[in-house]
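Chemist: Have a look at the structure that comes next, please.
Each value in this text was obtained by applying a stated rule to the coordinates, not by laboratory testing. Bear in mind that the values here come from a model prediction, so they are computed numbers and not experimental data. In this analysis, Cβ positions are derived from the backbone assuming ideal geometry, glycine residues included, and neighbour counts consider all displayed protein chains.
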Amino acid sequence: MSYRNGNYCAFYVENPSNQSNLAEHATKDFVYYNQLRMWKGKDSSFPFIDSHNKNYNVCDDSDWKNTLKPRLRERIRNSKNIILILSSITKNSIPLKEEIDYGINVQELPVIVIYPDFKTKDDLLEKFNLVRSLWNNLPIFRDSMHKVPTLHIPHNKELIIKALNNRNFTVNNKCKEDIYYFK
């Protein structure tokens, strides 16, 4: 059994197999993933352990079924949770659908959902119906999230730190399956 200490970050990218990576870097959700990496690079105590840094690159022209999908699954198996970036531009892409399906339905990983369209917890709570509508962007998440604990947070560095430090949202210490948010 592997040591599951990473945070698997799932996010929508325009074209994950585009060799130039320009479309990927221009996708809003990918920018927020890079911000997590930047915060970690600037401050080593920032509690984000990027599972994407643990094995081969998946942003190349390799075959999806035989190469890329197994690499993503290996990263997920070595992770303690999923950090899902869910925004108004998130689309139900094949890789994102696979990551969430495998992470929740097979590996039973808790999910911390970061909503870049919201900046404060009050904003998120006041507009929770809008948050719920974003779940329709990713039906596999909407239909599977009841199987694991999910923590829903706005894009706010302090709340992200609090969420990442919360052991209840790790595979070995997870709390009861439910929808959680900071009040």
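Chemist: Leu164: net charge of surrounding residues, Cβ under 12 Å, Lys/Arg +1, Asp/Glu -1, itself excluded?
Modeler: Around Leu164, the charge tally is +3.
Chemist: Moving on. Compute the Rg to Rh ratio over region 88-183 from the alpha carbon atoms, using the Kirkwood formula for Rh, and round to two decimal places.
Modeler: Details: Rg = 12.8 Å, Rh = 13.6 Å.
Rounded to two decimals, Rg/Rh equals 0.94.
Chemist: Using the count of nearby Cβ atoms within 10 Å as a rough guide to exposure, how do His52, His152 rank from fewest to most?
Modeler: His52, His152
Chemist: What does the chain give for Rg and for Dmax, in Å, if only its C-alpha atoms count?
Modeler: In Å, with Rg to one decimal and Dmax whole: 15.2, 44.
Chemist: Mind checking region 91-128 for GluC sites (Glu not before Pro) that DSSP puts in a loop (not H, G, I, E or B) and that have at most 10 other Cβ atoms within 10 Å?
Modeler: Those that pass, being in a loop and sparsely packed, number zero.
Chemist: Could you list Phe118, Phe11 so that the one with the fewest beta carbons within 10 Å of its beta carbon is first and the one with the most is last? Provide the component values of the computation, followed by the final result.
Modeler: Details: Phe118 23, Phe11 26.
Fewest-to-most Cβ neighbours within 10 Å comes out as Phe118, Phe11.
Chemist: Okay, next question. Using just the helices of the chain, give the 222 nm mean residue ellipticity in deg cm²/dmol: DSSP H runs with n ≥ 4 each add -39,500 (n - 2.57), and the total is spread over all residues, rounded to 500.
Modeler: It lands at -9000 deg cm²/dmol.
Chemist: Between Arg132 and Asn92, with labels modelled 7 Å along Cα→Cβ, what's the label distance in nm to one decimal, could you check?
Modeler: 1.9
Chemist: How big is the dipole moment of region 6-181 about its Cα centre under a simple scheme where the beta carbon of each Lys and Arg is +1, that of each Asp and Glu is -1, and everything else is neutral? Debye, nearest 20, please.
Modeler: 420
Chemist: Here is a further query. Excluding residues on the same chain fewer than 8 positions from Lys40, give the lysines whose Cα lies under 27 Å from its Cα.
Modeler: Filter leaves Lys28, Lys54, Lys69, Lys80, Lys91, Lys97, Lys119, Lys121, Lys157, Lys162, Lys174, Lys183.
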